[in-house]
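Notes follow the structure.
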Amino acid sequence: MWNALPAPILLLGPDDGVAIANSAAETFFNVSQAQLIGKGWAHLFPDDSPVRALVAEAREISTDIAAYDLSIEFIGGRRVRADVLVGRLPDRDGWLALSFQPRAVTSLVDRQKGQQGAARSATGVAAMLAHEIKNPLSGIRGAAQLLGESLDQDGQELTGLIISEVDRVRALIDRMEGFTDTRPPALAEENIHAVLGHVRMLAEAGFGHHVQFRERYDPSLPPVLGNRDALVQAFLNLVKNAVEASAPGGTVTLTTAFRQGFRVRAHGTGARISLPLEVCVIDEGEGAPPHIADHLFEPFVSEKRGGTGLGLALVAKVVGDHGGIVEYDRREGRTVFRVLLPLAPEDK
């Protein structure tokens with residue numbers, strides 16, 4: 001039962017030595033339980049670490065303490081944001097439970113709601129623009145073509161410019177119309193590795209020919225309940241982002257994994273759903289500027305020259321339509337887009 005707990009927890013004796021560390025704590029600290037028991041936990045943090053201070057304060061005032069959204073630095077430079085809770089054991093004097101809740105997990109529900117809100121906002125904007133703008137574009141393009149037939153070469157160049165710009169705006173509207181279909185997608189059992197293989201093939205044959213692709217897949221993954229075309233579209237957007245962030249000769253890595261026990265509360269129902277299937281698209285680029293990192297999945301948010309800010313909003317919509325979550329992370333100098341999806345029901 002102790003090792004089944006998803007949050008990293010250390011049981012500290014009166015001398016602050018580690019008596020027990022669960023499996024999640026071994027992963028969080030990247031140290032085995034035997035090492036934690038033998039060498040302790042405090043040496044993993046700098047002297048001015050807030051974790052050290054919280055444990056000392058809990059002992060000094062003999063009360064439980066919780067601190068939220070702390071920036072925690074480990075010896076070696078690794079940083080995480082986490083909630084930290086220090087609790088006393090009521091039946092064992094001087095004993096403490098030190099637990100951590102990484103913010104990447106605690107914020108998933110909020111992110112899911114935010115992504116759903118962004119998708120709804122994009123749907124409304126796209127429907128309005130498609131109705132109000134796309135139809136007049138045909139008239140403008142046709143008028144420019146007719147006008148060009150009666151002009152000299154210089155005039156034809158100007159009408160050609162009008163036509164090309166109209167086509168560019170129409171292409172933008174076509175992309176936005178992907179948001180307007182609010183019908184639930186037709187879902188079937190899909191092999192996520194077949195989807196990713198198709199995405200990689202498309203990327204290597206086109207926009208991703210100048211980078212290297214690597215794959216780290218869990219071959220034992222069961223199928224996902226999804227719409228193949230929509231999943232290909234979403235992951236193609238993520239891979240295109242990763243390629244554009246990479247230098248020539250850089251590496252884009254695709255990974256899959258099974259995260260047993262990962263659950264979130266479904267928006268609007270209160271039910272807890274399992275999202276054990278993890279797909280990551282990783283690049284070695286600089287990542288998003290800090291001022292937009294928390295808004296990447298909102299429509300029209302982009303720092304790329306010529307970018308529309310619709311690619312990641314579309315990803316959020318597709319993943320949300322599948323009951324999943326997509327998140328952005330920076331880790332050890334790499335950019336990670338992580339998609340969490342439910343599995344196909346066993347009786348399907």
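Structure summary
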read-out: Candidates LEU275, LEU231, LEU238, LEU314, filtered to the one that is at pLDDT below 85, in contact with a helix residue (DSSP H, G or I) (Cβ under 7 Å, 6 or more places away or on another chain) and not acidic (Asp, Glu); value: LEU314
read-out: Cross-chain or 6+ apart pairs with Cβ under 6 Å, the range 153-167 first and more than 22 Å from PRO136 (Cβ to Cβ), then in a helix (DSSP H, G or I); value: GLN156/GLY148
read-out: Qualifying positions in the range 69-107 - of a type in the set (Phe, Trp, Tyr) and under 22 Å from ASN30 (Cα atoms); value: PHE74, PHE100
read-out: Exclusive hit being at pLDDT 90 or above, surrounded by fewer than 17 Cβ atoms within 10 Å (Cβ to Cβ) and not in a strand (DSSP E or B), set GLY249, GLY270; value: GLY249
read-out: Criterion (free of Cβ contacts under 8 Å to residues at least 12 places away in the same chain and not charged (D, E, K, R)) met by exactly one of ALA34, ALA24; value: ALA34
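The values are calculated or read from the model by the stated rules, or taken from the named source; none is laboratory data. The shown structure was predicted, so the numbers you read here are calculated from the model rather than taken from an experiment. Glycine also receives a Cβ, built like all others from the backbone with ideal geometry; neighbour counts cover every protein chain displayed.
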